[in-house]
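The block underneath contains the structure these notes are about, expressed in structure tokens.
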Amino acid sequence: MFRIVRLEAKRSIALPLLLVLAALTRAFLWMDIQEWAASWASLVQSARAIAWVSLPVVLAAGIWHGGREGRNEVSELFAATPRPRPVRLLPAFVAIVGAVVIAEAGVVAWAATLIARHATYSGGQWPLGLAVGLLAAIAVTLLGLGIGRAVATPVAAPLAAVALFLVLAVSADERPANRLVDVVLPMLPKTDDFHRVLPSLSVSQCVWFTALGATGVLLTVAGTRRARWLALTPAVAGIALAALLAPSGAIVRDPQATALVCARENNRICVTKVHTHALPTLVAPAQKVLDAFAEVPGGPERVEEKPESWKLDAAAPASHGGKRGTVRTEFPQLTQSGSIRWKPDVLLAALAQDTMFDEACYSEEKDFTRATDASDAVAALLLRTPTDELSPGAREAYDTLRPLPAKERYSRIGEGRKAGLTCGDPLAVIMGRGAGR
Amino acid sequence: MTRGSRGLMLYARSRSIPATLLVFLAAACLAWTGYLTDDPATAHRIGLIAVVLGVAAVPRTLAGPDEELERATALPWRLVRTLHLTLLAGLLLSLLAADHLITARQSHTVPFDNLAQAVPALTASTALSAACFGARTAWMPSVGWGLLMIAVGPRISLGGQALTWMVQEPPTVTSATTAALLTVVGVAAYARRGSRL
Amino acid sequence: MPTTVSPSETAPTRYAHHIQAQALTVRRGRRTAVDGIDLNLGTGVHGVLGPNGAGKTTLIRTLATVLTPHSGDLELLGSALRSRGELRALRRQLGYLPQTFGHYPRFTLREFVAYMAWLKEVPRHRMADAVQHAIDRVDLTDRAEDRMGSLSGGMLRRAGIAQAIVNDPAILLLDEPTVGLDPAQRMEFRTLLRDIGEQSCVLVSTHLVEDVGAACAGVVLMDEGRTVFAGPLDHLRAAGSDTDQGDSAIERGYTALLRRHPANQPEAGR
């Protein structure tokens, strides 16, 4: 049997499939390497997301191989042989499914080695998420092999590939949020570093994909028309059972990932556990900001990372008034090793902005510009950032603040900060025209 | 039924033309449903997938069941093959253009330039694959390339523009040249050599 | 290399004839392709002759266990093929070359014959030798590593014969095996047939009368699903006279017997 598996690996579509699938997976997964470079949760998200490219390929390959006996008209010859049909079909199945596993698991394992070096939080059952992705690929391959045997037309493989691609591509764009969709689609609902996928979703997806694979196998060994129709029952039963098992909200916040990890020297500069590698880059600028704002009445005493990301949580003004003692910042872009991608001066400016106002307050372009002007002026003053690039509004605010006596200056800045964090108009406050709500 | 039209019917049946026409209709329906969505990006994507769907049925028709037998006959095969390609591509393009006209009031239809470029060039690429690899496997390079272009999206570099010619909206000089080249080379290769045995 | 002999090979045969059929009837759709045929074929080479549509291919396919008979008794190698196990055991000793020899063009010749050997459950320790032996016997040793798709028509036919004999079958069924072979190859093929016919029962369905004349000991003549004649070749030769059409004695006998078995007068077989 092993010799025949080797023969099939050489002569069937297994080897080209392995190469094409590995190349595609590697190319597409590395396309957004910045998304997943330092966090397991993001790797699971990205690795599952490329299913819309890889599954049509394995489906087409499966259907193509399944039609091999029909295309080459060997059924007559093989009908007179003693080996039972399932045993006869087994070596090629092993070769092809093996190719899929090696390609997908190999590339994902490669990506995992990149993460393993830098990840700081490995909770959230990420192996389960990756395993479901592999299972989905195997299931679709088996389904393809079954369809290829059942449907004799040569145009089945390209049509099925295009159809599957259509379904997956459209659902990647517009995805209705209900349990059935969450179970059936191989791609995960949108998630980020601070959330995790409930294991019950993964379990129900395992049930669905196993049922799908079983349908494929039954279609392969089905001899009569009736048997082919009966072969569809596992898929139907699987989808029903999986829909029942699936949770209604599969993406939940992960408190262990969002737990705060603080700098050793002083407990006042903290990041989330999953982004621990951002801490070294953060400490110096954050300390500068804390020192600069030390004399501002009601000024910040801590710098923390916001456990909400722009990807998932609709931005909401966090607290109208509460927690003003904390600067809440976020890092949309991390490097492959998990540290902050921004240059130090950019980071400093971002921290200054987060100190002065809450971004979520200002949805209008005009208001946002005003708030930015205020924060730029304060940053130029307190942090001694260069003043040559200030916008006219910011320069005006800067010139208003500079000649003021220190106490008055700090008080205005404090009031401006209060306005910015409670969705007022910080620029007006700084210019001395009152808070204005 | 005259001898000519009967011959035409038999030719069509030997090449599975009726089934291909069904697929063309399906592609047209798909393109039309694409225009029902609100998101222009999704609509464009569905429109291009419809093109790939239609073209996916063409390679099957590029070779008869017994090529050696057919080539020994007296028919002017170069002419027949060229006509075959032209008629199929023209039919698919007309169906998709009809969709385009019907839904013209929507703002987010696939631009007609792209359709007029994509259908002939992709069909010619299946013909080229058939001439190089045989009609049975000719769908692999063209359908694969088509879907890959849709998945990757338009690229800006010169090489990227040539490689993602189908999804460049509006068509750039490089992408239009690539499409035109593909059309000419594909039709010429297939007309000359036919599907590889 | 010493060959091992399994006990089943030295066991005495429990059957008189390899192929034994009584009133065998096979339907294809609504047509009765084989209509009440009796056969008793043992060791040796037997030819099956007949006009097109006589049911030769259907008969061969039924004997190859590809088709199931509608009625009648069929015993192959003494087994009545009642259970799946019996069917499998029989097929291990069967060699079959259909009229359209389907194959995988990407496989090399050796690989395809080895694959067929695996499908015929040739014991693993004997497989390499059996494959080499089969390829040598059909004189394709120098093309053994070439892809099947690159073989010419005649070579492909010989490859088909190779896969049919790879498991040293007790019953060998060949449907039009000499199509595409040149005269020298046909002569070699006849030698091969005679060689195999010394130990096995070979049934060759062919249109080429010279092949029958040279290689076969007995002949079955079929028309419209019925046996017109079944017996030694000499009897067939004797059945014809100078007034019958034909360039050889066999052809004259063939025409004579078919004339006596006209289409619109169903006669009992034999």
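The values are calculated or read from the model by the stated rules, or taken from the named source; none is laboratory data. The structure presented is a predicted model; accordingly, all values stated were derived computationally and were not measured. Note that each Cβ is placed from the backbone with ideal geometry, even for glycine, and that neighbours are counted across all protein chains shown. The accessibility values were calculated without ligands, DNA or RNA, using every heavy atom of the protein model including side chains. Shrake-Rupley method; radii C 1.70, N 1.55, O 1.52, S 1.80 Å.
Let's see how each residue does on (1) assigned to a helix (DSSP H, G or I); (2) of a type in the set (S, T, N, Q); (3) surrounded by 21 or more Cβ atoms within 10 Å (Cβ to Cβ); (4) away from chain C (no Cβ under 14 Å):
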site: A:Val57; (1), (2), (3), (4): yes, no, yes, yes
site: A:Val107; (1), (2), (3), (4): yes, no, yes, yes
site: A:Leu114; (1), (2), (3), (4): yes, no, no, yes
site: A:Thr120; (1), (2), (3), (4): no, yes, no, yes
site: A:Gly123; (1), (2), (3), (4): no, no, no, yes
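Output yes when any residue across region A:30-46 is within 14 Å of chain C (Cβ to nearest Cβ), open to solvent by 30 Å² or more (accessible area, probe 1.4 Å), assigned to a helix (DSSP H, G or I) and out of contact with any Gly (no Cβ under 6 Å at 6 or more places or on another chain), and no when none is. No.
When B:His100 is tested against the conditions (1) open to solvent by less than 10 Å² (accessible area, probe 1.4 Å); (2) assigned to a helix (DSSP H, G or I); (3) of a type outside the set (S, T, N, Q), the lone failure is (1).
Kindly indicate whether any position in region A:272-293 is assigned to a strand (DSSP E or B), open to solvent by 40 Å² or more (accessible area, probe 1.4 Å) and in the same structural domain as A:Tyr410 (by TED's automatic domain parsing). Steps first, answer last, please.
Of the residues in region A:272-293, the ones assigned to a strand (DSSP E or B) are A:272.
Next, from what is left, pick out any that are open to solvent by 40 Å² or more (accessible area, probe 1.4 Å): none.
No, region A:272-293 has no match at all.
Applying the criterion of at least 3 residues that are more than 14 Å from chain B (Cβ to nearest Cβ) to the helices (runs of 4 or more DSSP H) found wholly in region A:145-253 leaves A:179-184, A:199-221, A:225-230, A:233-245.
Which one of C:Leu193, C:Leu174 is outside any helix (DSSP H, G or I), open to solvent by less than 20 Å² (accessible area, probe 1.4 Å) and in contact (Cβ under 8 Å) with a residue 24 or more places away in the chain? Steps first, answer last, please.
Numbers: C:Leu193 fails: outside any helix (DSSP H, G or I).
None of the others qualify; the one that does is C:Leu174.
The number of residues in region A:1-25 that are open to solvent by less than 80 Å² (accessible area, probe 1.4 Å) and assigned to a helix (DSSP H, G or I) comes to 16.
Restricting attention to region C:66-120 and to residues that are within 7 Å of another protein chain (Cβ to nearest Cβ) and part of a strand (DSSP E or B), the residue that is surrounded by the most Cβ atoms within 10 Å (Cβ to Cβ) turns out to be C:Tyr96. Hey, can you tell me all the residues within region A:45-81 that are among the hydroxyl-bearing types (Ser, Thr, Tyr) and in contact with a Leu (Cβ under 7 Å, 6 or more places away or on another chain)? Across region A:45-81, the qualifying residues are A:Ser46, A:Ser54, A:Thr81.
Helices (runs of 4 or more DSSP H) wholly in region A:338-437 with at least 3 residues that are of a type outside the set (Gly, Ala, Ser) and over 40 Å from the mean Cα position of the chain (by Cα) - which ones?
Details: elements: A:344-356, A:365-382, A:392-401, A:406-421, A:426-430.
Once the helices (runs of 4 or more DSSP H) in region A:338-437 are filtered for at least 3 residues that are of a type outside the set (Gly, Ala, Ser) and over 40 Å from the mean Cα position of the chain (by Cα), what remains is A:392-401, A:406-421.
Scanning region B:20-76 for residues being more than 23 Å from A:Ala169 (Cβ to Cβ) and either in contact (Cβ under 8 Å) with a residue 40 or more places away in the chain or part of a loop (DSSP other than H, G, I, E, B) (or both) gives a total of 17.
Restricting attention to region B:1-45, and to residues there that are closer than 13 Å to B:Val110 by Cβ and away from every other protein chain (no Cβ under 13 Å), which single residue is most open to solvent (accessible area, probe 1.4 Å)? It comes out as B:Trp32. Looking across region A:318-329, the residues that are buried (at least 16 other Cβ atoms within 10 Å of the Cβ) and either at pLDDT 75 or above or in contact with a Cys (Cβ under 7 Å, 6 or more places away or on another chain) (or both) come down to A:Thr326, A:Val327, A:Arg328, A:Thr329. Taken over region A:207-262, residues that are surrounded by fewer than 20 Cβ atoms within 10 Å (Cβ to Cβ) and of a type in the set (Phe, Trp, Tyr) amount to 1.
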